[in-house]
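Step one of this worksheet: look at the structure below.
Rule-based calculations on the coordinates, nothing more; no lab input. Just so it is clear, the model here is predicted, and its values are computed rather than measured. Virtual Cβ from ideal backbone geometry, glycine too; neighbours counted across all protein chains shown.
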Amino acid sequence: MTKTRSTRRAFLRSGAAAATATLLPMPAIAQAAPRVLVIGGGFAGATCARALKLLVPRTHVTLVEPNSIFTACPFSNDVIAGLRDIKVQQFTYDKIRREVTFIRQAATKVDPQKRTVDLGDGASHGYDRLILAPGIDLRWDGVPGYDEAAAKKMPHAWKAGEQTQLLRRQLEAMKDGGLVVISAPANPYRCPPGPYERASLIAHYLKTKKPKSKLIILDAKDAFSKQRLFQNAWKELYPDIIEWVSLSKGGKVASVDPATNTFVTDFGKHTANVGNVIPPQKAGRIAELAGVTDRTGWCPIDPSTFESKQQPGIHVIGDATIAGGMPKSAFTANAQAKVCAAAVAKLLAGEVPVQPKLINTCYSLVAPDYGINVAGVYRPVNGVLTEVEGSGGVSPIDAPREIRKLEAAYAESWFRTITAEVFG
């Protein structure tokens, strides 16, 4: 009798333990929390890391970024024109550090087969999903005569920071009556309207501080973003300052001579007092090392998940992507990051990601109180992000100055909103 009761108690205890184990969620007893590495702490990477952690709190999200301060490119043309202090462009990762693991190192190697990333300090980190947000690198071989050393004399200022300040100092030092020359590359590149906003704001500076000076844009294209809006504004505001030389009129720069600040085209030479060379671009170096770039230097992706078409398990977002009709902008990077985070969350759960729609809005300033914009909605069509017909457009050509002033205010509001969302 005693033995029977003892056996029954043992059976009940084992049955209760089995029932308790059955009630526990499977990941708690059988699966480790997924590991997601995000490389690059700009508008794309920082947004994606935070969004993914919010969507799947149990995920180990690690953001890898070599800098402790992020300097934003949007509104950096205001810094060049003396309208803004660069400190307003700079943001820390303090808030992000409280939400995800932050490693201040550069990624030096990616092994897609082993699913590991090596860092500059020699450490190696494994991942279940890798998200690359590497931004751009400049093609130093894109303009003969232009290299990293030449950039100290003829700044590109296409990565915000010291180059931005260098170009500003050169403009301040130039005597009235000087010539500023900007070379704009062929598509694609970061921020399609950027060279023309820069020309506009530098022209504003010249008009107000050095009115005898001139500015020439040497362009490797015959058309550019918001062209009619910019050119109409130039006729109104800077008719005797800005000259745009298109590709067909000899605008493509064949080479530069940093020693003399000379731009050489097939049609002649332009010797500048201040020379700004914006060279061709490509995806950031780590994308090439990861094997996710193609012969163009950019990264083909699945537009629904932003997973690389070259390497499974790796996603690419932001400026580095081949994103069809969607331009390379901060708004785009932020939008892509959110879609990617949602897709990765679904994939980690073994579910099918939804088909996304993405929005881009891009403001440009022609003067401090004169703004213009372009907007669009994009969705995957036949494997490519395509603008939804009738979804967007540009500012009205004949809008009164009151509207332009409002657009400038909206631009500033947008910048405060997106930086607060990403870094605040």
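Simple rule: put +1 on each Lys or Arg Cβ and -1 on each Asp or Glu Cβ in segment 297-415, find the dipole, and look at GLY350, THR386, CYS340; the Cα lying farthest toward the positive end is GLY350.
Tell me the relative contact order for segment 284-330 as a rounded percent, counting alpha carbon contacts under 8 Å between residues six or more apart. Display every interim value, and only then the final one.
Values: 58 pairs, mean separation 13.8, N = 47.
Once divided by the residue count of segment 284-330, the mean separation gives 29 percent.
Which shape class applies to segment 150-277: rounded if a/c is under 1.5, otherwise prolate when a/b exceeds b/c and oblate if not, where a ≥ b ≥ c are the square roots of the Cα gyration tensor eigenvalues? Cα axes put segment 150-277 in the rounded bin.
The antiparallel fraction among DSSP beta bridges confined to the chain stands at about 55%. Between the amide H of ILE136 and those of GLY284, distances stay under 5 Å, these residues lying 5 or more places away or on another chain, with hydrogens modeled in the peptide plane. Normalised by the number of residues in segment 150-277, the mean separation of alpha-carbon contacts (under 8 Å, six or more apart) gives a relative contact order of 33 percent.
Scaled to the globular estimate 2.2 N^0.38 Å, the Cα spread of the chain, given as radius of gyration, is 1.17.
Counting only Cβ charges, +1 for Lys and Arg and -1 for Asp and Glu, the dipole size of the chain around its Cα centre is about 1580 debye. Peptides 182-192, 369-379 ordered by packing proxy, namely the average of other Cβ atoms within 10 Å per residue, highest first: 182-192, 369-379. For the peptides 34-40, 219-225, the ranking by mean Cβ contacts within 10 Å, running from highest to lowest, is 34-40, 219-225.
Which is the longest run of the chain containing none of the GluC sites (Glu not before Pro) found in DSSP loop states (not H, G, I, E, B) with at most 11 other C-beta atoms within 10 Å? Display every interim value, and only then the final one.
Details: sites that count: GLU148, GLU351, GLU389.
Answer from the scan: 149-350.
The H on the amide N of GLN281, modeled in the peptide plane, is under 5 Å from the matching H of ARG139, each at least 5 residues off or on a different chain.
Out of every Cα-Cα pair that segment 82-228 contains, those further apart than 25 angstrom amount to 48 percent. Please label the shape of segment 228-379 as rounded, prolate or oblate, based on the square roots a ≥ b ≥ c of the eigenvalues of the alpha-carbon gyration tensor (a/c under 1.5 means rounded; beyond that, a/b larger than b/c means prolate, else oblate). Since a/c reaches 1.5 but b/c is at least a/b, the shape of segment 228-379 is classed as oblate. Do any of LYS207/LYS235; LYS87/LYS152; LYS252/LYS328; LYS214/LYS282; LYS153/LYS282 go past 24 Å between their Cα atoms, and which? From the list (LYS207/LYS235; LYS87/LYS152; LYS252/LYS328; LYS214/LYS282; LYS153/LYS282), the Cα-Cα distance tops 24 Å for LYS214/LYS282.
Taking only Cα atoms, what is the 0 to 90° angle, nearest 10, from helix 227-237's long axis to the longest principal axis of the chain? Helix 227-237 and the main axis of the chain meet at about 50 degrees.
Kirkwood hydrodynamic radius of segment 348-424, from the reciprocal of the average inverse Cα-Cα distance over all distinct pairs: 14.7 Å.
Pull out a ≥ b ≥ c, the square roots of the eigenvalues of the alpha-carbon gyration tensor of segment 178-228, then state rounded if a/c is under 1.5, prolate if not and a/b is larger than b/c, and oblate in the remaining case. Prolate, since a/c reaches 1.5 and a/b exceeds b/c.
Charges were assigned to the Cβ only: +1 to each Lys and Arg, -1 to each Asp and Glu. The resulting dipole of segment 289-367 about its Cα centre is roughly 120 debye. Dipole magnitude for segment 150-277: computed about the Cα centre from +1 point charges on Lys and Arg Cβ and -1 point charges on Asp and Glu Cβ, it is near 220 debye.
Over the residues of the chain, the helix contribution to mean residue ellipticity at 222 nm works out to -10000 deg cm²/dmol, using -39500 (n - 2.57) for each DSSP H run of at least 4. Have a look at HIS204, GLN170, VAL56 and report the one farthest towards the positive end of the charge dipole of the chain, computed about the Cα centre with Cβ charges (Lys/Arg +1, Asp/Glu -1). Value: VAL56.
Rg and Dmax of segment 111-180, based on Cα coordinates, read 19.1, 60 Å.
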